[in-house]
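*Asks:* Next up is a structure, given as structure tokens.
The values are calculated or read from the model by the stated rules, or taken from the named source; none is laboratory data. Every value quoted in this text rests on a predicted model; they were computed, and no experiment measured them. Cβ sites come from the backbone with ideal geometry, for glycine too, and all protein chains shown count toward neighbours. Each accessible area value is taken on the protein alone, full model and side chains, heavy atoms only, with ligands, DNA and RNA left out. Shrake-Rupley method; radii C 1.70, N 1.55, O 1.52, S 1.80 Å.
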Protein chains: 2
Amino acid sequence: MNDTTRQKLALVAVDWGTSNLRLTLLDNSGEAIGERSSDRGMGSLEPSEFEDALLELIDEDLPQDKVTPVICCGMVGSRQGWQEASYLTVPCAPPDGTRATRVAVNDPRLSLWILPGVKQARPADVMRGEETQIAGYLAQNPEFDGVLCLPGTHTKWARISAGEIVSFQTFMTGELFALLSKNSVLRHTVNGANWDAQAFEEALSDAMSRPQGIASKLFGLRAENLVGDMSPTQGKARLSGYLIGLELAGARPYWLGMEIAMIGAPALSKLYQDGLAVQGVSASVHSVKDMTLSGLKAAYSVVKDSN
Amino acid sequence: MNDTTRQKLALVAVDWGTSNLRLTLLDNSGEAIGERSSDRGMGSLEPSEFEDALLELIDEDLPQDKVTPVICCGMVGSRQGWQEASYLTVPCAPPDGTRATRVAVNDPRLSLWILPGVKQARPADVMRGEETQIAGYLAQNPEFDGVLCLPGTHTKWARISAGEIVSFQTFMTGELFALLSKNSVLRHTVNGANWDAQAFEEALSDAMSRPQGIASKLFGLRAENLVGDMSPTQGKARLSGYLIGLELAGARPYWLGMEIAMIGAPALSKLYQDGLAVQGVSASVHSVKDMTLSGLKAAYSVVKDSN
């Protein structure tokens, strides 16, 4: 980054999760002027190491003659993170900058905030990071009344109304898929390189209509491989269909009769979209990166206004 | 073993699974005169290594002047085992010695058979080893008409009538519990040292009444630990209750209104027994080791008679 560009830096927007650190450099008009990332996620850092991990990515970008604001979301604000940013409790608007925790830093060029996550008391549930994606979506769609689905390792379904997160529910679907496909007796049965859309849809419908049989359907993949002629590609599609079908059955009170928008990685979001389509339900899909950046910018605009 | 005992050896009964090799030495009247075991299960052996793994345990026990019969059940007969003993297909009586595969061995002191497993075409399912436990139970209870439940890593439910396995269904419950408690985000949440019977029963009932929510209930354990006051002991009991409750919901067509006998390890069988008791259903519990030995003896008696 040359000196001219360095002088334009007005805000660093940081998405700091368990496994990765991703940030965007923004100018005074909110335009992105650079991106950085590393694998120094919260999970691999002691509290004293966060500032170094951040500076490793932006040290050369920081102007020397002024203080640059940095706003962060994600697991960086968890109890095991840099500094705890206590959860807000639903029903609530997704946290903006006025709810952020100011973190003391050593480098005089930095002024740093961490946004809190959101919790729910009953049924107990938590999010950290997704609330900022929701804030980003609401910044662009302030009148949205419906459900946001955020597919991932721990997929979230959030009921949104009047600018607030009314309630939400997390499903361990992505983590179950990873455990079963990598660490279980199914690992050689579901390692197909291709995709079988029909097998996915049949398994999805099967799980939705008899979710109580899931632990048996899973073993059935192994048995089909041993005594039937199921390919690993069909196996993978069926495993995915069973698990997403189970989730859609459980999340039915969220999506039934609602407007649905999804924020997630394209490939995974497509599976949820396909699954909902089998139920005659359509959903728009939006980028995690775009929504996170939109949410961080919206949150910072309030920090700025309140200072 | 002294020479006198060696002269009494009439049969070696072998339960050879994926992880372990366990055998019993029997005299001419079917009395156990010794036991041996090692961790040289099917999963760690090449076909050429099985005979050595067996001799390592019984070489000194074998009479020099005659041929000693050895009868085996379990994964030793799988495609990845010593030699494949092809599945029988339900409905069928559990395999006896006339259905066993004779395996050629190098040591002239041995004559060796492997019992086949049992498969089901639709829904696809397989068992290897459990069929011999079932044979053992039926040898002692020839008039049994009901359901056998065999709790384990892959729990089996088998409908038994007129001496035959009519149908069966396998649930991956035990493996799911192991994956979630050791390899998932829940691992620090469910590592309690004690037991909470009330938490188990509540979770079991919850999963039975809303099985479609299971992937959300699982994440709820993590959330309860973060924002609630759930202890790891309650977490473990609830994880177990959710998974066994899910299975009991799926296996309801098997156990509802039936006489139930269980063959399994005492601690795990107790959980299934407690879970069924919440549904007002009682079940007897029988030892895996006893039933396996009974089944191997019954199978061999037919080998002997037919020779």
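*Asks:* What ranking of A:GLU202, B:GLU51 comes out by heavy-atom accessible area, probe 1.4 Å, highest first? Working shown, then result.
*Replies:* Values: A:GLU202 110, B:GLU51 20 Å².
From most accessible down to least: A:GLU202, B:GLU51.
*Asks:* Here is a further query. Magnitude of the Cβ-charge dipole of chain A, K/R +1 and D/E -1, about the Cα centre, nearest 20 debye? Could you put the intermediate results ahead of the total?
*Replies:* On the way: 27 positive and 36 negative charges, 155 e Å.
About 740 debye.
*Asks:* Another one. Kindly identify the stretch A:231-289 as rounded, prolate or oblate by the Cα gyration tensor criterion: order the square roots of the eigenvalues as a ≥ b ≥ c, call it rounded if a/c is under 1.5, otherwise compare a/b with b/c, prolate if a/b is larger, else oblate.
*Replies:* Oblate.
*Asks:* Rounding to the nearest 10 and keeping the result within 0 to 90°, find how far the Cα-based axis of helix A:266-278 lies from the longest principal axis of chain A.
*Replies:* Orientation of helix A:266-278: about 50 degrees from the principal axis.
*Asks:* With the label 7 angstrom out along Cα to Cβ, how close does B:VAL278 come to the same site in each of the other copies, in nm, nearest first?
*Replies:* So the label point of B:VAL278 gives 2.9 nm to the other copies.
*Asks:* I would also like to ask the following. Can you compute the modelled spin-label distance between A:ARG252 and B:ARG36, with each label point 7 Å from Cα toward Cβ, in nm?
*Replies:* Simple spin-label model gives 5.7 nm for this pair.
*Asks:* Can you classify the stretch A:134-293 as rounded, prolate or oblate using the Cα gyration tensor, where a ≥ b ≥ c are the square roots of its eigenvalues, rounded means a/c under 1.5, and otherwise it's prolate if a/b beats b/c and oblate if not?
*Replies:* Note, shape of the stretch A:134-293 comes out prolate.
*Asks:* Which distances in nm, rounded to one decimal and ordered from shortest, link the label point of B:PRO253 to the equivalent label points in the other identical copies, with labels set 7 Å from Cα toward Cβ?
*Replies:* Values, ascending and in nm: 2.8.
*Asks:* Taking the DSSP beta bridges in the protein assembly as shown as the whole, what percent of them are antiparallel, to the nearest 5?
*Replies:* 65 percent
*Asks:* Restricting to DSSP H runs of at least four residues, report the calculated mean residue ellipticity at 222 nm for the protein assembly as shown, -39500 (n - 2.57) per run over all residues, nearest 500 deg cm²/dmol.
*Replies:* Theoretical 222 nm ellipticity from helices: -12000 deg cm²/dmol.
*Asks:* Right, something else. Please compute the average number of Cβ atoms from other chains found within 10 Å of each residue's Cβ in peptide B:166-176.
*Replies:* 5
*Asks:* Among B:LEU23, A:PRO253, B:GLY74, which residue has its Cα furthest toward the positive end of the charge dipole of the protein assembly as shown, with +1 on Lys/Arg Cβ and -1 on Asp/Glu Cβ?
*Replies:* The residue sitting most towards the positive pole is A:PRO253.
*Asks:* If you place +1 on the Cβ of every Lys and Arg, -1 on the Cβ of every Asp and Glu, and leave all else neutral, what size is the dipole of the protein assembly as shown about its Cα centre, to the nearest 20 Debye? Working shown, then result.
*Replies:* Values: 54 positive and 72 negative charges, 157 e Å.
Charge dipole, the protein assembly as shown, about its Cα centre: 760 debye, nearest 20.
*Asks:* Every other copy gets compared here: list the nm distances from the B:SER161 label point (7 Å along Cα to Cβ) to its counterparts, shortest first, one decimal.
*Replies:* 5.1
*Asks:* Also: Provide the solvent-accessible area of B:GLU84, counting protein heavy atoms only and rolling a 1.4 Å probe, rounded to the nearest 10 Å².
*Replies:* 80 Å²
*Asks:* Enter the accessible area of A:THR24 (Å², nearest 10), with the probe set to 1.4 Å and all protein chains included.
*Replies:* Surface accessible to solvent at A:THR24 totals approximately 20 Å².
*Asks:* With both bridge residues required to lie in chain A, what share of the DSSP beta bridges run antiparallel, to the nearest 5%?
*Replies:* Just about 65 percent of them are antiparallel.
*Asks:* Taking only pairs that are 8 or more places apart or on different chains, how many Lys pairs in the stretch A:149-307 have Cα atoms under 29 angstrom apart?
*Replies:* Lysine pairs satisfying the spacing and distance rule in the stretch A:149-307 number 18.
*Asks:* Where the only charges are on Cβ atoms (+1 Lys, Arg; -1 Asp, Glu), what is the dipole of the stretch A:243-307 about its Cα centre, to the nearest 20 debye? Before the final figure, lay out the partial values.
*Replies:* Values: 5 positive and 5 negative charges, 29 e Å.
So the dipole magnitude of the stretch A:243-307 works out to roughly 140 debye.
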